[in-house]
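The values are calculated or read from the model by the stated rules, or taken from the named source; none is laboratory data. Values in this document were obtained by computation on a predicted structure and should not be read as measured data. Here the Cβ is made from the backbone with ideal geometry for all residues, glycine too, and neighbour counts use every protein chain on show. Note: areas computed on protein heavy atoms with side chains; ligands, DNA, RNA excluded. Shrake-Rupley method; radii C 1.70, N 1.55, O 1.52, S 1.80 Å.
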Amino acid sequence: MSDNKKMVEAITPINEDFAQWYTDICLKAELVDYSSVKGCVILRPYGYAIWENIMHNLDARFKATGHENVAMPMLIPESLLQKEKDHVAGFAPEVAWVTMGGNEPLEDRLCVRPTSETLFCDHWSRVLHSYRELPMKYNQWCSVMRWEKTTRPFLRTREFWWQEGHTIHETAEQAIAETEQQLETYADFAEKDLNIPVLKGRKTDKEKFAGAEATYTIEAMMHDGKALQSGTSHYFGDGFCRAFDVTFAGRDNTLQYPHETSWGVSTRMIGAIIMTHGDDEGLILPPAIAPIQVVLVPVAAHKPGVLEKAAELQMRLSKFVRVKLDDSDNSPGWKFAQWEMKGVPLRLEIGPKDIEKDQCVIVRRDTREKSFVPLAELEVQIPALLKALGDNLYARAAENREKRTFSCTTMDEVLKTAAEQNGYIKTMWCGALACEEQMKEQAGISSRCIPFEQEHLSDVCPCCGKPAAQMVVWGKAY
RNA sequence: CGGGGUAUAGCGCAGUUGGUAGCGCGCUGCGUUCGGGACGCAGAGGCCGAGAGUUCAAGUCUCUCUACUCCGACCA
């Protein structure tokens, strides 16, 4: 095949140059196009369809737990952004400003939202009066802007699409429970629907969200062993609410500050899907969010009855899966390669020989395994194959993570391991910022999280030798 | 933001010491094909990333900018 110059979309082999492979997939699977503004990408129909499926799935989960959608403005007055000092310090270096209105300079410049905590708090300061109105559990689907220096499609763009949930609660306990619940929602979605195993934990102070008391994260490991922060959930205590004067009359009729959370996932998740599951043939999409779950390829479509049979199957399958009939003039081989590139989980081939035998050929994208399936069994076999494929994607990813997870008790081990390969490195940690910085400087790794599931690897921190009670997972990150 | 690379048709590329642009694939039409990236014939398609400059003349030389890409630094 390598001498065939007519390949539809040749991509760089995954193990030859992972970064280039990733970029190739983004462009050649027609997920994105670049725009004329650095770091601002166009989500093309196929890429946006993936995002739509992610949105629908998560939105249903949020609604089921009592959240309501809202829409906030995209502009934030500078004065509002300034109110919480840690927050503004964290975001100021990467916000874009609107300084002109028409031809007139603005007296107060406006920031294009990098995140909307300030807008929500400003709003709540006006509408909240009584404990009876709590909790307020809001979410919005929108895009935000952060003026990143280095950009890559999905992983880090200046404008990106996400959801940001913002809630306020009467008590700290309730807010903390909300933070945990939403992290759990993300983890469940990642594992069950994206087939991506995730590591749940808390961020160190160095890595937590600007202005938060605690940041919880799900971390996913990519094919090359690098980590990708794939979703975060923050507990703010009452810090923002105090800064924005958000108050309510409590049960005892005293004025109180609510306790706040926020949580978000973004189009970065699509990057995680690509880099977790893809292979040399292209993208592999988890069945739950694949825009097309089964592509129907008629073979010898000009022969009488073939297209008719394919159209009939399309109608039948559309009742229980997202199906596309590719009745274009391209050759079957071209279609096979093209739909593999685009990551469609199952391909169903139907030709004259099949029709004679009342069967079809079904090919799995993950293993490329072919099977002959009697047409009568499609309603049973297709869902079973989709399930098996999703399970296999998860198992493969889990295996890769397992292979690339290491425990170290001394700095020498850490340095050696980090130098040899990418992956998770588990060590004990004393909690000192200095040791965290040393890990970055010497081994080139950052703390991914303090996992909820702790292990006791040794008694001391490998950096400073002081007593260490908690285990941290380190790694190189996107 | 620092360092390396790139920018010529939709994609991949060629274009000599400066002389006004070509190839393959794709695309359009017709016909033959069709179980792993088909073939024939006939066509369409380019202010050479942008802006200045040098020159009789710039894809080619000079400067500036922009975007992409890779490696760092930075970054919910």
Which ones in segment A:380-398 are open to solvent by less than 50 Å² (accessible area, probe 1.4 Å) and in contact with a His (Cβ under 8 Å, 6 or more places away or on another chain)? A:Leu393, A:Ala397
(1) modelled with pLDDT of 95 or more; (2) farther than 30 Å from A:Gly47 by Cα; (3) crowded, with 17+ Cβ neighbours inside 10 Å all hold for A:Thr167 apart from (2)
Taking segment A:34-53 and keeping only residues that are open to solvent by 70 Å² or more (accessible area, probe 1.4 Å) and at pLDDT 85 or above, one is left with A:Tyr34, A:Val37, A:Lys38, A:Ile42, A:Arg44, A:Pro45, A:Tyr48, A:Glu52
Scan of segment A:95-132 for residues that are within 15 Å of RNA strand B (Cβ to nearest atom) and open to solvent by 50 Å² or more (accessible area, probe 1.4 Å), ordered by number: A:Trp97
Do we find that A:Gly475 is buried (at least 20 other Cβ atoms within 10 Å of the Cβ) and in contact with a Lys or Arg (Cβ under 8 Å, 6 or more places away or on another chain) in this structure? yes
All positions within segment A:54-80 that are touching a residue at least 40 places away in the same chain (Cβ under 8 Å) and either among the polar types (S, T, N, Q) or open to solvent by 40 Å² or more (accessible area, probe 1.4 Å) (or both): A:Asn57, A:Arg61, A:Thr65, A:Gly66, A:Glu68, A:Asn69, A:Val70, A:Ala71, A:Pro73, A:Met74
Single condition A:Pro345 does not satisfy, out of (1) within 11 Å of RNA strand B (Cβ to nearest atom); (2) open to solvent by less than 10 Å² (accessible area, probe 1.4 Å); (3) at pLDDT 95 or above: (1)
Counting only residues that are surrounded by fewer than 22 Cβ atoms within 10 Å (Cβ to Cβ) and touching a residue at least 24 places away in the same chain (Cβ under 8 Å), how many does segment A:170-184 have? 7
Could you go through segment A:399-410 and let me know if any residue there is more than 16 Å from RNA strand B (Cβ to nearest atom) and either among the aliphatic types (A, V, I, L, M) or open to solvent by less than 30 Å² (accessible area, probe 1.4 Å) (or both). yes
Could we say that A:Thr217 is touching a Cys at 6+ places or on another chain (Cβ under 8 Å) and either under 26 Å from A:Tyr478 (Cβ atoms) or surrounded by fewer than 24 Cβ atoms within 10 Å (Cβ to Cβ) (or both) here? yes
Would you mind finding the one in A:Ala212, A:Ala177 that is of a type outside the set (Phe, Trp, Tyr) and farther than 22 Å from A:Ala477 by Cβ? A:Ala177
Confirm whether A:Thr185 is within 13 Å of the chain's Cα centre (by Cα), of a type in the set (Val, Ile, Thr) and in a helix (DSSP H, G or I). yes
Can you tell me which residue among A:Asp245, A:Asp193, A:Asp205 is surrounded by fewer than 24 Cβ atoms within 10 Å (Cβ to Cβ), of a type in the set (D, E, K, R), under 24 Å from A:Gln174 (Cβ atoms) and modelled with pLDDT of 95 or more? A:Asp245
Hey, can you tell me all the residues within segment A:311-327 that are open to solvent by less than 50 Å² (accessible area, probe 1.4 Å) and closer than 11 Å to A:Leu296 by Cα? A:Ala311, A:Leu313, A:Leu317, A:Val323, A:Leu325, A:Asp326
Do the conditions hold for A:Ser331, that is, is it at pLDDT 95 or above, open to solvent by 50 Å² or more (accessible area, probe 1.4 Å) and hydroxyl-bearing (Ser, Thr, Tyr)? no
Quick one: would you say A:Ala212 is surrounded by 21 or more Cβ atoms within 10 Å (Cβ to Cβ), within 20 Å of the chain's Cα centre (by Cα) and within 14 Å of RNA strand B (Cβ to nearest atom)? no
Are any residues in segment A:384-410 in contact with a Gly (Cβ under 9 Å, 6 or more places away or on another chain) and part of a helix (DSSP H, G or I), and if so, which ones? A:Asn400, A:Arg401, A:Lys403
Quick check on A:Glu30: is it at pLDDT 90 or above, more than 8 Å from RNA strand B (Cβ to nearest atom) and in a loop (DSSP other than H, G, I, E, B)? yes
Where residues in segment A:266-293 are part of a strand (DSSP E or B) and out of contact with any helix residue (DSSP H, G or I) (no Cβ under 6 Å at 6 or more places or on another chain), which of them is farthest from A:Ala212 (Cα to Cα)? A:Asp279
Which pairs do you get when a residue that is at pLDDT 90 or above, found in segment A:12-23, comes within reach of a residue that is polar (S, T, N, Q), reach meaning Cβ atoms under 6 angstrom, with the pair 6+ apart or on two chains? A:Trp21/A:Thr12
Total residues in segment A:133-163, condition part of a loop (DSSP other than H, G, I, E, B) and away from RNA strand B (no atom under 11 Å from the Cβ): 2
State which residue pairs qualify: first residue in contact (Cβ under 8 Å) with a residue 60 or more places away in the chain and in a loop (DSSP other than H, G, I, E, B) and inside segment A:232-247, second residue basic (Lys, Arg) and surrounded by fewer than 24 Cβ atoms within 10 Å (Cβ to Cβ) in any location, beta carbons under 7 Å apart, and separation of 6 or more residues or different chains. A:Phe244/A:Lys83
